[in-house]
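Each remark here refers to the structure printed beneath this line.
The values are calculated or read from the model by the stated rules, or taken from the named source; none is laboratory data. In this text the structure is predicted, and so the values were computed from the model without any measurement. A quick note on method: Cβ atoms are made from the backbone with ideal geometry, for glycine too, and the neighbour counts reach across all protein chains shown.
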Amino acid sequence: MLRLATRAMGTRFELVLGCEDGPQARAAGEAALERIEQCDARYSVFTNSSLIARANRDACEKPVRLDPELYGLLERCLALRAETDGAFDIAIGPLMRALGFRGQRIDAPRGSNLGAFELDRATSSVRFTRPDTQLDLGSIAKGHALDLAAATLRENGIESALLHGGTSSVVALGAPPDADSWRVRIGPDGTWEARLRDSALSVSAPHGRTADFAGHKVGHILDPRSGRPVPLGLRAAVIAPSAEAADAWSTAALVLRARGGSLELRRPHDQGWLLEDEGREPLLLGQHGCFAPHAGLEPTYR
Amino acid sequence: MTSPDRRQLLHASAGGAAALFLAPSFELLHPTILGAPLTVAVIGVGRQGRAILGELATIPEASVVAVCDSDDSRLQSAMRRAQGLRGYASHIELLDKEPGIAAVVIATPTHLHKEIALACIAAGKHVFCETPLAHTIDDTRAIVTAAKGSSKVFAAGYQGRSNPVYSLARSFFKAGTLRQLSHLRAQDHKKTTWRTPGSTPERDRELNWHLDAELSLGLAGEKGSHQLDVFHHFLGRHPVAVRGTGEIRLHKDGRTVADTILLEARFEDGLRASYSATLCNSYEGRYELIGGEMALIKLGWTHGWMFKEADAPTQGWEVYANRQQYHNDSGITLIADATKLAAQGKLTEGVGLPYTSLYYALADFVKAASEGKAPACSASDAARSTVVGILANQAVRSGSEVAIDPALLESL
């Protein structure tokens, strides 16, 4: 096994390659880490020269040209916003700043924050349709970077690897040598175990990062429609074919749960969901065997 | 370039009090380019070529229409990045089949630059060539001679010359803010194998040309020449001798190029530039320092700072300047777009350039080619720093001092 790591997106990304250490494997691992570092430089709202910062600066006044990679990501973000009924939305920059999660606090934007940007495929550009729009890829950038890193590993002949960003977004390539899947314990007490093979896991919990707002402790996940933070006791783990989808849907799952209503209708068929709410029975949705209680009891899937 | 005089840098706040910020001009930060989009081909789409494609895609005045690489998987991967991109396996085929292309960007391995650059210049293209320009003095001379004989633009990739923060810092330097120079220092430290994964042993050797001492200028040339060029640009002169040492400290994987080097370049007046590069440790990354009697300038790609001595003359505007603390020292940040940001009360958000250093280099080339202007980094500028890099690499390999003939540099 070979372990490599880098610091990016305000956290630590780590790769474990299921092969012997050697110049080739190390070079492949470094190429994957470099993809992650590039994503950080391109998508961080904290870096002035990032593509997202450029868009946030200028897209109110004029269309801003994007490179094909970011354009594609924004297109998928728009699709995800529609699929999640607005529970996932990257146009939440002002709301995040109003709650105190992105540097200097600002006043909360007035009214709805939906429908704030549009894309033009012909010119590969983004334009903001509301003056106070700011994009924030915080709920999808780690997953996107991990998918690109995993693709880089595959291109370079690596068939077995586990990659994670800050332990909350995970991608599994194949399985570890001598096992049928990568097993990842979830939560502070590790009650649950996710089983991954050519799939990705994302765990979202509002208490992962908090801020003080008007005398209350609030979590960093909020409903884009209402601007209201999701209750702190919730936690969602989502297994999906890509880390990008897992990231977006684990955020959306929390928001949808907080809104109430049926989750089964919303969940894409190729995903497994585990939802925990303090003091209530855990809810398991989707494909059997995605999640298992670590202590050995068989879970009940709906 | 912005001159650091009060008139240009003064910003009157609403209350009438004047604050001076260390700001490059708006035009430098957000270049506007006249004319129809420039059609561009990128030759070499490895790591640097892909970064170039990414930046060119965001410049509306440039339109990348073709890419070229001898490695098919790289070529296919580059062609997937945009619709309608045409791909070629060799520059000869590209030039033959794409006569309408106005400009090319060359980002191949250094030792392949000469043949490609000469062919592109002969075909009447505007050329942006990555740096160092070549791995031998003869090849460097051949490129410069061809570029000088061309009616088109030839720009090179030493980015310190087009970077607005560097230009701003240089204007302070030229205005004598540092007074008597004491020392120059630069480093590039990053923990990495510097190796590119290859699918076969043969392909691995080709991709990792920079680890082969016969083809590569090593850390001194491939990385050091970029940072030494910053000193050449600021001082307007070059060192007369260079000493160096190098060792493989960590990456004992068959490479013949040192993974850790030290250089000392000496200027005619005794001023010295020390340089270190390593692939074993990442502490403090990459920066250049220019130290003097009254202040020290620190430059790091998208950021720049000025650390003033306690006895340096204080000007009124300094009270308003944005500062950052470094251990025991406080540096004035060289802020992009400071006047506009100050008006919005967002000065601290302006630390760091609004675009990458590579973007400015490419935008400068596109502007020069579109408007028929001289580029920020000319063939001669780049050739001289390339030769200093070649000789610095010789010093590292031999472990002894190598003289740098001023007449040789002057002839380029």
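Looking at segment A:29-65, which of the residues that are part of a loop (DSSP other than H, G, I, E, B) and more than 18 Å from A:Asp136 (Cα to Cα) is farthest from the other protein chains (Cβ to nearest Cβ)?
Checked segment A:29-65; the qualifying residue farthest from the other protein chains (Cβ to nearest Cβ) is A:Glu61.
Those residues that are more than 9 Å from chain B (Cβ to nearest Cβ) and either among the small types (Gly, Ala, Ser) or part of a helix (DSSP H, G or I) (or both), I need them from segment A:1-28; list them, please.
Step one: list which residues in segment A:1-28 are more than 9 Å from chain B (Cβ to nearest Cβ), which gives A:1-21.
Of everything in segment A:1-28, those that are more than 9 Å from chain B (Cβ to nearest Cβ) and either among the small types (Gly, Ala, Ser) or part of a helix (DSSP H, G or I) (or both) turn out to be A:Ala5, A:Ala8, A:Gly10, A:Gly18.
Given the criteria part of a helix (DSSP H, G or I), modelled with pLDDT under 90 and either touching a Cys at 6+ places or on another chain (Cβ under 6 Å) or not aliphatic (A, V, I, L, M) (or both), does A:Pro94 qualify?
Spelling it out, A:Pro94 is indeed part of a helix (DSSP H, G or I), modelled with pLDDT under 90 and either touching a Cys at 6+ places or on another chain (Cβ under 6 Å) or not aliphatic (A, V, I, L, M) (or both).
Scanning for something β-branched (Val, Ile, Thr), exposed (fewer than 15 other Cβ atoms within 10 Å of the Cβ) and at pLDDT below 90, does segment B:15-33 turn up at least one residue? Spell out the reasoning first.
Quick first cut of segment B:15-33, residues β-branched (Val, Ile, Thr) only: B:32-33.
Next, only the ones that are exposed (fewer than 15 other Cβ atoms within 10 Å of the Cβ) stay: B:32.
Pick out the ones that are also at pLDDT below 90 and you get B:32.
Yes, that holds for at least one residue.
Quick test of your reading of the structure: A:Ser50 fulfils all but one of (1) touching a Lys or Arg at 6+ places or on another chain (Cβ under 7 Å); (2) surrounded by fewer than 22 Cβ atoms within 10 Å (Cβ to Cβ). Name the failing condition by number.
Going through (1) touching a Lys or Arg at 6+ places or on another chain (Cβ under 7 Å); (2) surrounded by fewer than 22 Cβ atoms within 10 Å (Cβ to Cβ) one by one, A:Ser50 breaks only (2).
Can you tell me which residue is farthest from B:His232 (Cα to Cα) among those in segment B:351-377 that are away from chain A (no Cβ under 14 Å) and surrounded by fewer than 20 Cβ atoms within 10 Å (Cβ to Cβ)?
B:Glu371
What's the total number of residues in segment B:185-203 that are out of contact with any helix residue (DSSP H, G or I) (no Cβ under 7 Å at 6 or more places or on another chain) and facing chain A (nearest Cβ under 9 Å)? Show your work before the answer.
Step one: filter segment B:185-203 for residues out of contact with any helix residue (DSSP H, G or I) (no Cβ under 7 Å at 6 or more places or on another chain), giving B:185, B:187, B:189-191, B:199-203.
With facing chain A (nearest Cβ under 9 Å) added as a condition, the list becomes B:199.
Within segment B:185-203, residues that are out of contact with any helix residue (DSSP H, G or I) (no Cβ under 7 Å at 6 or more places or on another chain) and facing chain A (nearest Cβ under 9 Å) number 1.
Please work out if B:Lys223 is part of a loop (DSSP other than H, G, I, E, B), modelled with pLDDT of 95 or more and either farther than 23 Å from A:Thr6 by Cβ or not aromatic (Phe, Trp, Tyr) (or both).
no
Does segment B:142-149 contain any residue that is touching an Asp or Glu at 6+ places or on another chain (Cβ under 7 Å) and more than 14 Å from every other protein chain (Cβ to nearest Cβ)? Step through it out loud before you land on a result.
Applying the first criterion (touching an Asp or Glu at 6+ places or on another chain (Cβ under 7 Å)) to segment B:142-149 yields none.
No: segment B:142-149 contains no residue that is touching an Asp or Glu at 6+ places or on another chain (Cβ under 7 Å) and more than 14 Å from every other protein chain (Cβ to nearest Cβ).
hydroxyl-bearing (Ser, Thr, Tyr) and either more than 13 Å from chain A (Cβ to nearest Cβ) or surrounded by 15 or more Cβ atoms within 10 Å (Cβ to Cβ) (or both): is that true of B:Ser182 in this structure?
yes
Of all the residues that make up segment A:13-46, how many are in contact with a helix residue (DSSP H, G or I) (Cβ under 6 Å, 6 or more places away or on another chain) and without any contact (Cβ under 8 Å) to a residue 60 or more places away in the chain?
Residues meeting the conditions: 1.
Against the definition (farther than 30 Å from B:Asn281 by Cβ, among the small types (Gly, Ala, Ser) and surrounded by fewer than 18 Cβ atoms within 10 Å (Cβ to Cβ)), how does A:Ala82 come out, yes or no?
Against the criterion (farther than 30 Å from B:Asn281 by Cβ, among the small types (Gly, Ala, Ser) and surrounded by fewer than 18 Cβ atoms within 10 Å (Cβ to Cβ)), A:Ala82 qualifies.
Does B:Glu264 qualify as being under 16 Å from the mean Cα position of the chain (by Cα), more than 14 Å from every other protein chain (Cβ to nearest Cβ) and surrounded by fewer than 24 Cβ atoms within 10 Å (Cβ to Cβ)?
Judged against the criteria, B:Glu264 is not a match.
Report yes if B:Glu206 is surrounded by fewer than 22 Cβ atoms within 10 Å (Cβ to Cβ) and away from chain A (no Cβ under 14 Å), otherwise no.
Here the answer is no, as B:Glu206 does not meet what is asked.
Right, B:Gly84: more than 14 Å from chain A (Cβ to nearest Cβ) and at positive phi or not?
Criteria not met by B:Gly84.
For segment B:75-92, give me the residue count where each residue is free of Cβ contacts under 8 Å to residues at least 12 places away in the same chain and assigned to a strand (DSSP E or B).
Our first condition is that a residue be free of Cβ contacts under 8 Å to residues at least 12 places away in the same chain; within segment B:75-92, this holds for B:76, B:80, B:83.
With assigned to a strand (DSSP E or B) added as a condition, the list becomes none.
Summing the residues that are free of Cβ contacts under 8 Å to residues at least 12 places away in the same chain and assigned to a strand (DSSP E or B) in segment B:75-92 gives 0.
Can you pull out the residues in segment B:93-105 that are surrounded by 14 or more Cβ atoms within 10 Å (Cβ to Cβ) and either outside any loop (DSSP other than H, G, I, E, B) or at positive phi (or both)?
B:Leu94, B:Leu95, B:Ala103, B:Val104, B:Val105
Okay, residues lined up against (1) at pLDDT 95 or above; (2) farther than 19 Å from B:Gln159 by Cβ; (3) surrounded by fewer than 24 Cβ atoms within 10 Å (Cβ to Cβ):
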| residue | (1), (2), (3) |
| --- | --- |
| B:Pro37 | no, yes, yes |
| B:Val40 | yes, no, no |
| B:Arg47 | no, no, yes |
| B:Arg50 | no, no, yes |
| B:Ile59 | no, no, yes |
| B:Val67 | yes, yes, no |
| B:Ser70 | no, yes, yes |
| B:Arg74 | no, yes, yes |
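Does A:Asp136 fit the bill of being crowded, with 20+ Cβ neighbours inside 10 Å and among the acidic types (Asp, Glu)? Reasoning before the result, please.
On the way: crowded, with 20+ Cβ neighbours inside 10 Å: yes; among the acidic types (Asp, Glu): yes.
Taking the combined requirement at face value, the residue satisfies it.
Given (1) closer than 25 Å to A:His220 by Cβ; (2) within 14 Å of another protein chain (Cβ to nearest Cβ), where does A:Pro68 come up short, assuming only one miss?
Among (1) closer than 25 Å to A:His220 by Cβ; (2) within 14 Å of another protein chain (Cβ to nearest Cβ), A:Pro68 violates only (1).
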